[in-house]
Structure formats: structure tokens, C-alpha cells
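This report refers to the structure that appears directly beneath it.
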Amino acid sequence: MAKAVGIDLGTTNSVIAIMEGGEPTVLVNGEGGRTTPSVVAFKDDQRLVGQVAKRQAVLNAQGTLFEIKRFMGRTWEEVSDEVERAPYEVVKADDGGVRFKVGDELHSPEQISAMVLRKLVNDASEQLGQKITQAVITVPAYFNNAQREATQNAGKIAGLDVLRIVNEPTAAALAYGLEKKGNETVLVFDFGGGTFDVSVLEVGEGVFEVRSTHGDTHLGGSDFDYAIVDWLAKEFQAEYGVDLKKDKQALQRMIEAAEKAKIELSGLPETTISLPFIAMDPASNAPLYLEKKLTRSTFEDLIAPLLKRLRKPVEDALKDAKIDKSGIDEVILVGGSTRVPAVKAIVQEMLGKAPNQTVNPDEVVALGAAIQAGVLTGDVEDIVLLDVTPLSLGVETKGGVFTTLIERNTTVPVRKTETFTTADANQTGVEVHVLQGERSMARENKSLGKFKLDGIPPMPAGMPQIEITYDIDANGVLNVTSREKSTGKEASITIQNTTTLSEDEVERMVKDAESHAEDDKKFRELAEARNGCDAMRAQAVKIMDETEGATDEQKQPLQDAVDEAAKAVDDPNVDTDRFEELTKNLAEALQAFQQATAPAATETPEGEESAAEAASSEEDDVIDADFKPAG
Ligand code: AMP
């Protein structure tokens, strides 16, 4: 089979690697670099990619596109911060996305990313003397569907067959774990130019299992740069009354100088930023110089609010993996921003151990992607890669209740079947409403799709056995099937990418569930009480209908209890206590009815339930308004 490469398509830099002689190996670019800046420039009909594009950015601020990954698969509304910061022109596209305007030309984020991919692959092909057509591309764990699709499309535009989109921290652990033998729990702290991810993984014996992931898609090393830029601009404005941020070229020069200073401060206690001829003095028309000393401690003050944001994702990832810091065997750093001493210090302080420094943070993701490419093309054997579901998956059951089939953070692939039943007699169809989320109320969760299963033979309520199966494959594709057991009739739906949600979305939904835990408990109790009352009512009606020779007088008290229950079930103002009371009344009336109508000397044999007891002990859920889970 043809060789496939692994590509880390980074916000700031990209890396390409391949399996060579059983080892993942980084391929150098045409300029001899192991990393290629993810930068594309347009200049006098010329298109420049990588280092050459980055080098001329200052003189061509509006024609140099960088940090394109922040725009991938996102709508105009989602990127207002990025648009404001960019020294190049970003416009809203007809499809609601964004385009970069350079001269008269418009370019999509996918097209620009494709140019970076093409450069990586062309240079690699040249080095290998072999055409490359297949690739595995990595993305941050919290990229949502649209962002992953955009990445996949960038690959297609570049003429590549994208074998798989892999999460960056998973790739890192893959590269790290390949040479490891024993089982270990690893925390991957991935802090690059544009995004921050934390993942907890089980690594060992060829199996990689992601236990949890959290992160922040709006936090990266370039935020450190902008913090310095803001400081520089403010100081300059105070001194000279000129807003440097208004001048695109000055802004670009400040961004570059800020990044350089930041990198220097990883090794030095202080540095000087100097930008000659940065502006003209409006009064004298004389050129103005920017010259500022920046100490590491001032830098750390400037980025303090950003550093603070690194903590919660770490705490959340540990919490979801159900371990504390002592359960982490190894901490892996990924991404250039982990070289900032204050970042390393936070990692060490939070996790109580020094991070593993044996893996190169810039290359480890691409190496892992190359291994994954090797797995997919059969070059590498004995490795299974497992991901997790970021949110619970379930179905809507009677009373608008969300019934979970697959819990959040369950390892995929996974398959789970549960049996449900109907709520009404002679019900010939059920609607299966597939949802994702952590709330008890179905309507508060995210609807993924609905489908109908028809052709159920007429039967009393609660008789049909309807099996619902949730099956998520390794790519996160969910297939839901419902099957009525007596006829074998089936219906199904396929939902793409259930393991890929935006971090914001996951975070919002989990937080939402936490803050509404009490309401949700009440809601669930009410729904259960209402459903229990309704089940008892249906049972009473059935028994009344089936009891031959019962007189109106014998029926009346039970009929009254039935009518009262029916009214209450339709009344949204009835509370849990009232439903419990009505259920008790029904049970008593039913028992009295059965005693009155029972043939003489017939008692319920010991060990067997009476119908009333059977009905009152029923605890089955019911799928949607006309559909319920069987026992
Ligand atoms: P990545 O996305 O992993 O390529 O990370 C790139 C980010 O790391 C950029 O924001 C760089 O400025 C930053 N970076 C690279 N080297 C260093 C360093 N030595 N100290 C601080 N930041 C760095």
C-alpha cells in the first residue's frame, strides 16, 4: 500500500512526518526546516508559503495570511475577536463564513490551509522521491464538526485523500506511548499558538484510551503576543498620543516583535523591544521610535489573566477522568507555548510533578499522526486508538424525560441496547428522538435527529418490546436502530460525528446540567410520578374492561379514581405529591374492585402479585409521549 503521512496543521506552525523503518520521522521542508510556518502570502502575482511568507509579513501586512486555523469552519459571528485583531482583511462570506480579501481576490480558510498542506506534501514528496496522496491530519480535541469538516476539505482541496482526522493530544500520546511498555495514565497538556487542550489518556500495551478532554479554543501563545502588543500600544499612546494599532503595518511589526520578545523571555530575565520608525509624530511629522524594556516579571503580570485560564480545563479533565493528580503517571507537554517558564510552573504546581521533557513539543503531534497513518495503511500493527463521547447520548421518553443510553466520556467504539415499550394500547408506531446532553429534560438537550418505527402490531400498552441500539464507531458516527421484536421490523438513523463537539458547547451543556441539577431532579421525580399514575390508570381501565360481570356500582369508585387521574395527567399544574396520592387512590380502588368482583375464595396466591400490585410496582420508562422503556 502507498505510504501515508501524518500532518500537524498548526495555528502557527505545521509539521509533516512519516513512518520510516518502523519509526515515525519528521520530514524537512524545502528550506531545510522541520517546522513550516502556517503562513501564506500574496505578493505581485506570487504566492508564498511558509518561512518565505512569514519573512515578508511586515512589508506586506495586508497580503500575509496567518493563524488561519482560528477561522476554519467558523461563522462570521464566531470570529469577531479574530477579525478585529487580524492585520489582513477578513470579510463575511455569503454562506455565513469568512473570506480573506487580498487585492481583488477572496480566499476561504480551507483554500489557504490547503496551500500550506500542499507545500508540506510537495516538499515531503521531493525529499522521499515518491508522490504522497494520503494523509492523517490532526485537529484540537475540541474542534467541532464544522471545523473538522473544514480541515478535511482543506485536505481535499490540496488533492489529498484524508484517511482520518485525529485529535492532537491523542496523537501526542500515540507518539509517546509507542516506546512504552507498561500501563500509564498520561495527561497531555497541549498549549500551542492558538488553542489549549488537556487530555487524560490511558496508554499501554498498544491501546490508547482517551479518558477525558477539556480545553479552551480561544487561548494560545498568540494571546501572549497580543497581551504584549496591547501593553506596547498603550504605553506608546500615553507617551506620543498615537494609536499604533490603527496602522496595519505597525500592528504587524508589533506582533512580530512581541512574539520574539516572548520567546526570548523563555530563556532570559529581560529583553528590549525596539521598533524604529514605527510612526510619524502628528505634530512635528518627525519619525517616532518604539523602544521598551520588558522583564519576565512584567510579562508574567501581563499574561496573568491568561495563565489563570489554564487551570480549569486541567481540573475538569481530572474530574471527568475520575482521578486526582496523584493518579497521573506522566505529564506530556505539547506546543510551543509550554516553553514559557510560567506555564511550566503552573503545570508542575497543579499536577505535583515535573513534566516529561523527552518528547519534542513541536514535533510530537505530527509523529503521532504518522503512526496513526501507519496504522491505517497497515504499516503499524497492534495499536488500537480509542476516543470518548464528550456528552451523554440518549432518547426522549414519556413526559419529555431524557433517558441516557451512553454516558458521557464513554470510550468509543461502543454499542448499547435497551428495550422500551409503548405507552398506549394499540399503538402502531413510535418516534425515536435521539439527543445528546446532560439534562434530565429532553428539550434542554441537543437534538441530533428523529425517526419513526411503524408497523407495530396492535397490542396492549406495555406489551411491545422495542429494542433501541446506539452504536458509535471509531470515527464517532452514531447509528441508532429501533427494532420491534415480535415482527423484527426495524428503522434507523445515522448521525455523523457525535464525538466532536465544540468545547464551548460541551462546557455550556455540562455547566448547565450542574446548575440545574436540583430542577432536573424535581422534573424527573414529577415525570416519574406522572408516568406511574398514568400507568396505573391504564392498568385499571384494562382490568375494568376485562372483568366480566362487574356491576356499575362496583365499577364507579374505580372509574372515579381513573377519571381523576386522567384529568391530572393532562394538567401541567399537578405536582409530584398529588400524583403519588392519586396513584395510591387508584391502587386502593383497584384492589377494592378486584376483591369485590373476584370469584369467592380466590385469593392472590402467595408470592404472586395482584394486578394492582403489579401495576403499582411498574417502574418502566416510556420513550416519547407515546413510547416507553420496558423492564
Ligand atoms: P505551536 O502551535 O505548537 O507551533 O506553538 C506555537 C506557539 O508557541 C507560538 O505562539 C510561539 O510563539 C510559541 N513559542 C514557540 N517557542 C516558544 C518559546 N521558546 N517560548 C515561548 N513561546 C514559544
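Here are some notes:
- Total residues in region 493-522, condition small (G, A, S) and modelled with pLDDT under 70: 1
- Close contacts from region 582-596, counting a first residue that is closer than 17 Å to D552 by Cβ and a second that is among the β-branched types (V, I, T), with Cβ to Cβ under 9 Å and a gap of 6+ residues or different chains, come to A589/V562; L590/I543; F593/I543; F593/T547; Q594/I543; Q594/T547; Q594/T604; A596/T551.
- Flag for I255 being crowded, with 17+ Cβ neighbours inside 10 Å, in a strand (DSSP E or B), within 15 Å of the ligand (Cβ to nearest atom) and at pLDDT below 95: no
- Yes/no for G378 being small (G, A, S), at pLDDT below 90 and more than 23 Å from the chain's Cα centre (by Cα): yes
- The residues of region 258-270 that are in contact with a strand residue (DSSP E or B) (Cβ under 6 Å, 6 or more places away or on another chain) and either outside any helix (DSSP H, G or I) or more than 16 Å from the ligand (Cβ to nearest atom) (or both) amount to a single one, E270.
- Strands (runs of 3 or more DSSP E) fully within region 88-172 counting 1 or more residues that are of a type in the set (S, T, N, Q) and in contact with a strand residue (DSSP E or B) (Cβ under 6 Å, 6 or more places away or on another chain): 134-139
- Every residue from region 217-237 that is part of a helix (DSSP H, G or I) and more than 14 Å from Y289 (Cα to Cα): G221, S222, D223, F224, D225, Y226, A227, I228, V229, D230, W231, K234
- V52 being assigned by TED's automatic domain parsing to the domain that holds I112, more than 13 Å from the ligand (Cβ to nearest atom) and in contact with an Asp or Glu (Cβ under 7 Å, 6 or more places away or on another chain): no
- Residue check for Q62: more than 29 Å from A172 (Cα to Cα) and in contact (Cβ under 8 Å) with a residue 60 or more places away in the chain: yes
- The set of residues in region 427-486 being assigned to a loop (DSSP other than H, G, I, E, B) and in contact with a helix residue (DSSP H, G or I) (Cβ under 6 Å, 6 or more places away or on another chain) consists of G437, E438, R439, S440, A461.
The values are calculated or read from the model by the stated rules, or taken from the named source; none is laboratory data. Values in this document were obtained by computation on a predicted structure and should not be read as measured data. A quick note on method: Cβ atoms are made from the backbone with ideal geometry, for glycine too, and the neighbour counts reach across all protein chains shown.
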